[in-house]
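One structure below.
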Amino acid sequence: MINDISELYGRQMPARDLTPESAAVSEVKMRDAINTERGLSCARCGSRLNRSLAYLPRNQYYCYVCIQMGRVDTLTQLAFIEEPNHFRPIKQPLSWNGQLTNLQEQCADDVIEVFQNQQRHLLWAVTGAGKTEMLFKGIAWAVARGLRVGIASPRVDVCIELFPRVQAAFDKVSIVLLHGKSEQPYKYSQITICTTHQLLRFYHAFDVLIIDEVDVFPYSGNPMLHFAVKNAVKPESAMLYLTATPDKSLFRAISRKQLSVSYLPIRYHGHFLPEISVCRIRHLEQITKDGSLPKQVLKMINQLVNGQQRFLLFVPHIKDLQRVADAITHAEVAASFETVYSADPKRIEKVALMRNRRLDFLITTTILERGVTFPGIDVLVLKADDEIFSAAALVQIAGRVGRNADCPTGQVIFYCEAKTSNIKSCDRQIKMMNRKAASL
């Protein structure tokens, strides 16, 4: 049940979640949750439904695609209130006093222009370029004009890291953080930071919507989440996409002039991206299957631990996590570490431990390939030739290193049996970006 009618501003909820008093408010509008014209489709998630899979008794139908957000069916109506932009005026909302580089300043000005002209735009910047800080001037422009701003990412870790940074930069502005594991109740706010799945609960809410890590799973190639984004913005609005590794669909949109673009090939502190070192090990797959680690890998882990150098150790699959952890424990490495993966119930706590320097290292799947910052770390990738590691994923993994101005360098080591095309492509991309940065 909603606690205040403002919780419906720019949001859509099954009418059953409204109190009788809320439902009687004149601003509340209703629309069918399931469209039955020209087949079956869900108004909340946009999915085309198979009649046999969606069938309920008495010739009713439900959406099985977004069922995790609560069932909607042909007897359900979605309640919503048109976004009223009821925010208190704030003339100077930005409390951040940091300084942008000249190149960052150019991108920040582009962002303001995109918001002013209600365009669709891609900010393509290398990992560690300071994309978040480049948004601040544009967000401040929007907030000062009473506009509603959304910042969404496919990854919960990205949202959790963004929230305190944006909150500190706009300390006079109402901000809410929404994700599946969030304990913070929903409250109508001028800035919403959320996972892309949470956008399914919004309807024509945002004047400005920013999608971070736009090329990453589960957003990339997901029609439901793309529909959620289109549904969450007002008919007249601005859309800004952020990434360091654009996919083919983004390049296609740019070539068709459906998307304008800004490009920044250098990190905010002026140092180049760390280049990769490739260490080829024979029979690596079999060694790890047997529950052991190669001597070279254990030697490097010991060396880093003894030197108090924190690091991330990436493995391709969840099944590899415990094998590698057991091998490190068996080798009597004197370190504090954890394993983490996407569905790990303690994922948020473990990432926080690493961020707070309570762990020497994390053994992780690709869930930490992007969007998180641990200052002063190195990165090791075990079985980097596994097909799960795309070239874009490897670039992002390498980008975890050297993100902080106080520690702008570090090691990136790929352990593999063969130097695959993805590893070669990663190597080429990083070197290409560094050449572009050197030419500035």
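Would it be correct to say that Val297 is open to solvent by less than 10 Å² (accessible area, probe 1.4 Å), within 27 Å of Glu417 (Cα to Cα) and either aliphatic (A, V, I, L, M) or without any contact (Cβ under 8 Å) to a residue 40 or more places away in the chain (or both)? Taking the combined requirement at face value, the residue satisfies it. Residues that are without any contact (Cβ under 8 Å) to a residue 60 or more places away in the chain, touching a Cys at 6+ places or on another chain (Cβ under 8 Å), assigned to a strand (DSSP E or B) and aliphatic (A, V, I, L, M): does segment 249-264 have at least one? Among the residues of segment 249-264, not one is without any contact (Cβ under 8 Å) to a residue 60 or more places away in the chain, touching a Cys at 6+ places or on another chain (Cβ under 8 Å), assigned to a strand (DSSP E or B) and aliphatic (A, V, I, L, M), which makes the answer no.
Residue by residue through segment 45-94, note down the ones that are at pLDDT below 95 and closer than 30 Å to Ala405 by Cα. Within segment 45-94, Gln92 is the sole residue that qualifies. Here Asp386 meets the list (1) in contact with an Asp or Glu (Cβ under 9 Å, 6 or more places away or on another chain); (2) assigned to a helix (DSSP H, G or I); (3) not hydroxyl-bearing (Ser, Thr, Tyr) almost entirely, failing just condition (2).
Over 17 Å from Phe202 (Cβ atoms) and touching a residue at least 60 places away in the same chain (Cβ under 8 Å): is that true of Thr36 in this structure? Full working, then the answer.
Numbers: over 17 Å from Phe202 (Cβ atoms): yes; touching a residue at least 60 places away in the same chain (Cβ under 8 Å): no.
No; evaluated as a whole, the condition is false for this residue.
One residue stands out among those in segment 81-106 that are polar (S, T, N, Q) and in contact with a Phe, Trp or Tyr (Cβ under 7 Å, 6 or more places away or on another chain): the one that is nearest to Asp171 (Cα to Cα), which is Ser95.
If the condition is being of a type outside the set (Gly, Ala, Ser), closer than 24 Å to Val372 by Cα and either touching a strand residue (DSSP E or B) at 6+ places or on another chain (Cβ under 7 Å) or open to solvent by 70 Å² or more (accessible area, probe 1.4 Å) (or both), then segment 230-247 contributes Met239, Leu240, Tyr241, Leu242, Thr243, Pro246.
Checked against (1) more than 30 Å from Glu21 (Cα to Cα); (2) in contact (Cβ under 8 Å) with a residue 12 or more places away in the chain; (3) not in a helix (DSSP H, G or I), Pro84 meets all criteria but (1). Condition first: out of contact with any strand residue (DSSP E or B) (no Cβ under 7 Å at 6 or more places or on another chain) and over 23 Å from Ala228 (Cβ atoms). Can you find one or more residues in segment 63-85 that meet it? No, that holds for no residue. Restricting Phe227, Phe217, Phe170 to those that are more than 27 Å from Ile388 (Cα to Cα) and either in contact (Cβ under 8 Å) with a residue 40 or more places away in the chain or surrounded by fewer than 23 Cβ atoms within 10 Å (Cβ to Cβ) (or both) reduces the list to Phe170. Counting the residues of segment 411-440 that are surrounded by 15 or more Cβ atoms within 10 Å (Cβ to Cβ) and either modelled with pLDDT under 95 or not aromatic (Phe, Trp, Tyr) (or both) gives 16.
Of the residues Asp17, Asp4, Asp32, only one is acidic (Asp, Glu) and in contact with a strand residue (DSSP E or B) (Cβ under 7 Å, 6 or more places away or on another chain); which? Break it down stepwise before answering.
Numbers: Asp17 fails: in contact with a strand residue (DSSP E or B) (Cβ under 7 Å, 6 or more places away or on another chain); Asp4 fails: in contact with a strand residue (DSSP E or B) (Cβ under 7 Å, 6 or more places away or on another chain).
None of the others qualify; the one that does is Asp32.
Each row is one residue, and each column tells you yes or no for (1) aliphatic (A, V, I, L, M); (2) in contact (Cβ under 8 Å) with a residue 12 or more places away in the chain; (3) assigned to a loop (DSSP other than H, G, I, E, B).
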{"residue": "Glu21", "(1), (2), (3)": "no, no, no"}
{"residue": "Val25", "(1), (2), (3)": "yes, yes, yes"}
{"residue": "Met30", "(1), (2), (3)": "yes, yes, no"}
{"residue": "Ser41", "(1), (2), (3)": "no, no, no"}
{"residue": "Arg44", "(1), (2), (3)": "no, yes, yes"}
{"residue": "Tyr61", "(1), (2), (3)": "no, yes, no"}
{"residue": "Ile90", "(1), (2), (3)": "yes, yes, yes"}
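Report yes if some residue within segment 89-98 is of a type in the set (A, V, I, L, M), crowded, with 16+ Cβ neighbours inside 10 Å and not assigned by the TED database to the domain that holds Ile211; otherwise report no. Yes, segment 89-98 contains a residue that is of a type in the set (A, V, I, L, M), crowded, with 16+ Cβ neighbours inside 10 Å and not assigned by the TED database to the domain that holds Ile211.
Is it the case that some residue within segment 349-359 is under 28 Å from Ala437 (Cβ atoms) and either open to solvent by 10 Å² or more (accessible area, probe 1.4 Å) or in a strand (DSSP E or B) (or both)? Yes, because at least one residue in segment 349-359 is under 28 Å from Ala437 (Cβ atoms) and either open to solvent by 10 Å² or more (accessible area, probe 1.4 Å) or in a strand (DSSP E or B) (or both). With respect to (1) assigned to a helix (DSSP H, G or I); (2) within 13 Å of the chain's Cα centre (by Cα), the lone exception for Ile211 is condition (1). Reported count of residues in segment 179-208, each being closer than 19 Å to Leu240 by Cβ, within 16 Å of the chain's Cα centre (by Cα) and either open to solvent by 10 Å² or more (accessible area, probe 1.4 Å) or among the acidic types (Asp, Glu) (or both), is 2.
The residue list Ala24, Ala33, Ala15 contains one member that is open to solvent by 50 Å² or more (accessible area, probe 1.4 Å), among the small types (Gly, Ala, Ser) and either touching a Lys or Arg at 6+ places or on another chain (Cβ under 7 Å) or more than 22 Å from Pro235 (Cα to Cα) (or both), which is Ala24.
The values are calculated or read from the model by the stated rules, or taken from the named source; none is laboratory data. Quantities reported herein were computed from a predicted structural model and do not represent experimental measurements. Ideal geometry is used to build each Cβ from the backbone, glycine not excepted, and the neighbour counts take in all protein chains shown. Ligands, DNA and RNA are stripped out before the accessible areas are found, and what is left, the full protein with its side chains, is counted by its heavy atoms. Shrake-Rupley method; radii C 1.70, N 1.55, O 1.52, S 1.80 Å.
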